[in-house]
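Peer 1: If you scroll down you'll find the structure; I have some questions about it.
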Amino acid sequence: MWKTVLRRILLMIPQIIILSLLVFFVAKLMPGDPFSGKINPQTDPKTIEALKHQLGLYDPPLVQYGHWIQNIFKGDFGQSYTYNRPVLGLIGERAANTFWLGLLTAVLTYAVAIPLGLIAGKNEGKWPDRVIAFYNFVINSVPPFAIYLIFLILFSFILKIFPSTGTVSASAHGFVQIFFSRIYHMILPAIAMMLSGTTAIVQYLRSGIIDNTKEDYVRTARAKGVPEKVIFRKHILRNAFLPIASSLGGTITGLLSGAIVAESIFSYPGMGQLFLQSVNSRDYSVMITLTLLFGILTLLGNLLSDIIMSIVDPRIRIQ
Amino acid sequence: MDKEKDNVLLEIEHLHTAFRINGKFYNAVDDCSLTLRKNEIYAIVGESGCGKSTLATSIVGLLDPLNSKVKGSIKYRGQELVGLNADEYDKIRGEDIGMIFQDPLSALNPLMRVGDQITEALYYHTKDSEAERKKKALELLKRVGIPDPEGTFRRYPHELSGGMRQRIIISIAVACSPEIIIADEPTTALDVTIQAQIIDLLKDIQKEKESGIIFITHDLGVVAEIADRVGVMYAGQLVEIGSVFDIFEDPKHPYTRSLLNSIPQAGELGDRLHVIQGNVPPLSEMKRSGCRFAPRIPWIPASAHEENPSYHQVGDGHYVLCTCYQTFHFQEEK
Ligand SMILES: Nc1ncnc2c1ncn2[C@@H]1O[C@H](COP(=O)(O)OP(=O)(O)O)[C@@H](O)[C@H]1O
Ligand code: SF4
Ligand SMILES: [Mg+2]
């Protein structure tokens, strides 16, 4: 299997090259430049032109692309025009913030969705199932960004329980304090993002339990005299979890796209917020690097899904 | 008399099994009685939808309790099974009554190695250690004709052919040497050569363990191969019961005769002319008073039918739920 995984990783190289070309040229096609609206209108246009020449913005596109790739291999992802610092360090910092936010969101999502799915599946048609179906319906009918806004306004602005910005308070000292201060800063966006993440998992697990209970192999287990509790745990649950296992890799993509909006709304300094900022300010190097990174993470997520599936389901061979 | 009592494994009396359809209960098994003895293969034969599987699942108590009702009596060696709770039934299922299902492709858990699915049955009914269970499972695999028991033990169901899977299911059903085996169309999903092998295997196991088998099929050809006694089922009722000889040599009920004519003989398509057309009606549309088969033989005058059909003994152990057999003829006959 690991040979296949290696092959899959090698196959990702051409995909990444195509992605990089696409990203680079689409970015070039965007109207405006890093100076639009940023520069004092009194500045001599000639100075701006000179600056643009200096930045290589007038070189032929393919030459620019070549330079970019060359620099990447030297570990230089360019300079952020907005922050005036190397892209790599900037993204590294932001990526760490997003990683912790994503991890907390994922943990919360499964911690909430799995019990809900179990309860709904075991009580098909009864009141707990209906209550959970109503929860799913409500969450699904409100778009994620609206949930984020409601949370921000309600908990930060009106109730003032959670901070509306930042990752850690300046007064926190020592590991424990910093740890809790970070969680305290992340918890609001994490819960908001968690909500929209739960509904699909609840639905998968619920229908997985209901469908598998009717399967012939469950009847076989009953005919063997296996107690019902064991049948649920050993036979039904394992099969019901398959779709969730296969969606694990996809959660990476889901979390990233969630983070782009959520981080911006909650002013949480992660990759998502940085991405939107970079698009708005035409901060090419940041924007291109982030898009490429998101693309690679998505590809890795798909591969991860396939690896997980081939481990948990003997019928599936990774290919 | 005692000896006779000793021989009786299963005694079903006036069994009624109803399903809830749109809030109302309809009997899918309607007043069935039968006696299964040691060393006996009792075939239940009838068209699809006549209630064979319902009868089988009623015996092992595997019906959904919310949407079904079982009335009457099912006695295993004198112990009443109707009304047992799940825990009590779990002691009997797998240990005293083994069950084989129709579709070997879906009857095994796709995520579990077949060896573990066999030892699981032993785990709940024996005090064997893990090593002993594995040893028994390997013997069982060998017994049911699996060529490479060690290797197969570790395989997953999808790695085996349909015939091999059915052998695994048989080995699960007989793992604890149950006195009764219920096989619900165990060969229907298999191709003809595999069918014959599975039938031979079941016959061998029955002889070896002296068990009683209830063998369910819609195929009278298979009945001829395997059965000692036969119950012909139509619309939830056993319309004719007799030895395999009675049924094949001296069939009485028009339905039995029609089924017999539909058996393809030596490559031919059977006696097409003398087969009664039509289907078993769905439960909610089934006629409940008078004769249930009469609508399928409209050319027989109403006066030939009993108002409330009852069993008539027509030979030693040969019963028929019918009087019209005396005057019945196929439509094309005059
Ligand atoms: N769970 C169920 N709920 C409602 N009706 C059922 C159910 N199972 C079987 N039936 C009906 O009962 C009748 C007998 O079915 P079944 O016992 O499966 O017949 P067979 O095995 O002879 O084909 C059919 O009309 C079928 O539609
Ligand atoms: S004689 Fe008539 S009533 Fe009796 S079983 Fe035959 S068809 Fe039915
Ligand atoms: Mg059936």
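The values are calculated or read from the model by the stated rules, or taken from the named source; none is laboratory data. Since the model is a prediction, treat every value here as computed from it, not as a measurement. FYI the Cβ positions are ideal-geometry reconstructions off the backbone, even for glycines, and counts take in every protein chain you see.
Peer 1: Does B:L122 satisfy the condition of being within 12 Å of chain A (Cβ to nearest Cβ), touching an Asp or Glu at 6+ places or on another chain (Cβ under 9 Å) and surrounded by 17 or more Cβ atoms within 10 Å (Cβ to Cβ)?
Peer 2: On the way: within 12 Å of chain A (Cβ to nearest Cβ): yes; touching an Asp or Glu at 6+ places or on another chain (Cβ under 9 Å): yes; surrounded by 17 or more Cβ atoms within 10 Å (Cβ to Cβ): yes.
Judged against the criteria, B:L122 is a match.
Peer 1: Check segment B:213-223 and report whether any residue there is more than 16 Å from ligand 3 (Cβ to nearest atom), more than 16 Å from B:E185 (Cα to Cα) and more than 14 Å from chain A (Cβ to nearest Cβ). Quick ask: steps written out before the conclusion?
Peer 2: Taking segment B:213-223 as the starting set, the residues that turn out to be more than 16 Å from ligand 3 (Cβ to nearest atom) are B:213, B:221.
From the residues that got through so far, the ones that are more than 16 Å from B:E185 (Cα to Cα) too are none.
Scanning segment B:213-223 turns up no residue that is more than 16 Å from ligand 3 (Cβ to nearest atom), more than 16 Å from B:E185 (Cα to Cα) and more than 14 Å from chain A (Cβ to nearest Cβ).
Peer 1: Does segment B:33-50 hold any residues that are within 10 Å of ligand 1 (Cβ to nearest atom) and either within 14 Å of chain A (Cβ to nearest Cβ) or modelled with pLDDT of 95 or more (or both), and which are they?
Peer 2: B:I44, B:V45
Peer 1: Looking for whichever is away from ligand 2 (no atom under 16 Å from the Cβ) and assigned to a strand (DSSP E or B) here; the options are B:L10, B:L55. Which one fits?
Peer 2: B:L10 is the lone residue from the list that is away from ligand 2 (no atom under 16 Å from the Cβ) and assigned to a strand (DSSP E or B).
Peer 1: If you don't mind, another one. Please enumerate the residues belonging to segment B:68-91 that are within 20 Å of B:A175 (Cβ to Cβ) and either under 18 Å from the mean Cα position of the chain (by Cα) or among the polar types (S, T, N, Q) (or both).
Peer 2: Within segment B:68-91, just B:Y76 meets the criteria.
Peer 1: Which residue is nearest to B:Q237 (Cα to Cα), if the candidates are limited to segment B:69-90 and must be within 14 Å of another protein chain (Cβ to nearest Cβ) and of a type in the set (A, V, I, L, M)?
Peer 2: So, considering only residues that are within 14 Å of another protein chain (Cβ to nearest Cβ) and of a type in the set (A, V, I, L, M), the one nearest to B:Q237 (Cα to Cα) is B:L81.
Peer 1: Moving on to the next point. Suppose the filter is within 16 Å of ligand 3 (Cβ to nearest atom), touching an Asp or Glu at 6+ places or on another chain (Cβ under 6 Å), at negative phi and not in a loop (DSSP other than H, G, I, E, B); does B:A43 pass it?
Peer 2: On the way: within 16 Å of ligand 3 (Cβ to nearest atom): yes; touching an Asp or Glu at 6+ places or on another chain (Cβ under 6 Å): no; at negative phi: yes; not in a loop (DSSP other than H, G, I, E, B): yes.
It is false that B:A43 is within 16 Å of ligand 3 (Cβ to nearest atom), touching an Asp or Glu at 6+ places or on another chain (Cβ under 6 Å), at negative phi and not in a loop (DSSP other than H, G, I, E, B).
Peer 1: Within segment B:101-130, restricting attention to residues that are in contact (Cβ under 8 Å) with a residue 60 or more places away in the chain and within 16 Å of ligand 3 (Cβ to nearest atom), which residue is farthest from the chain's Cα centre (by Cα)?
Peer 2: Filtering segment B:101-130 for residues that are in contact (Cβ under 8 Å) with a residue 60 or more places away in the chain and within 16 Å of ligand 3 (Cβ to nearest atom), the one farthest from the chain's Cα centre (by Cα) comes out as B:L105.
Peer 1: In addition: Failed condition for A:L103, given (1) surrounded by 13 or more Cβ atoms within 10 Å (Cβ to Cβ); (2) under 30 Å from A:T289 (Cβ atoms); (3) in contact (Cβ under 8 Å) with a residue 60 or more places away in the chain, with all others met?
Peer 2: Going through the list (1) surrounded by 13 or more Cβ atoms within 10 Å (Cβ to Cβ); (2) under 30 Å from A:T289 (Cβ atoms); (3) in contact (Cβ under 8 Å) with a residue 60 or more places away in the chain, A:L103 breaks only (3).
Peer 1: Taking the criterion of being more than 14 Å from chain A (Cβ to nearest Cβ), basic (K, R), within 8 Å of ligand 1 (Cβ to nearest atom) and within 22 Å of B:C291 (Cα to Cα), would at least one residue in segment B:52-60 satisfy it?
Peer 2: Looking only at segment B:52-60, we keep the residues that are more than 14 Å from chain A (Cβ to nearest Cβ), and these are B:52, B:55.
Checking the rest, the ones that are also basic (K, R) come to B:52.
Imposing the further condition that a residue be within 8 Å of ligand 1 (Cβ to nearest atom) reduces the set to B:52.
Checking which are within 22 Å of B:C291 (Cα to Cα) leaves us with B:52.
Yes; the residues of segment B:52-60 include at least one that is more than 14 Å from chain A (Cβ to nearest Cβ), basic (K, R), within 8 Å of ligand 1 (Cβ to nearest atom) and within 22 Å of B:C291 (Cα to Cα).
Peer 1: Do we find that A:I201 is in contact with a Leu (Cβ under 8 Å, 6 or more places away or on another chain), away from chain B (no Cβ under 14 Å), touching a residue at least 24 places away in the same chain (Cβ under 8 Å) and in a helix (DSSP H, G or I) in this structure?
Peer 2: Criteria not met by A:I201.
Peer 1: Return only the number of the condition from (1) outside any helix (DSSP H, G or I); (2) closer than 22 Å to B:L108 by Cα; (3) not aliphatic (A, V, I, L, M) that A:H235 does not satisfy.
Peer 2: Looking at each condition in turn, A:H235 falls short on (1).
Peer 1: Oh, and also: So which helices (runs of 4 or more DSSP H) stay within segment B:204-314 end to end and still have 3 or more residues that are within 22 Å of B:D30 (Cα to Cα)?
Peer 2: Here the list reads B:254-261.
Peer 1: Go through segment B:130-185 and report how many residues are assigned to a helix (DSSP H, G or I) and in contact with a strand residue (DSSP E or B) (Cβ under 7 Å, 6 or more places away or on another chain).
Peer 2: Summing the residues that are assigned to a helix (DSSP H, G or I) and in contact with a strand residue (DSSP E or B) (Cβ under 7 Å, 6 or more places away or on another chain) in segment B:130-185 gives 3.
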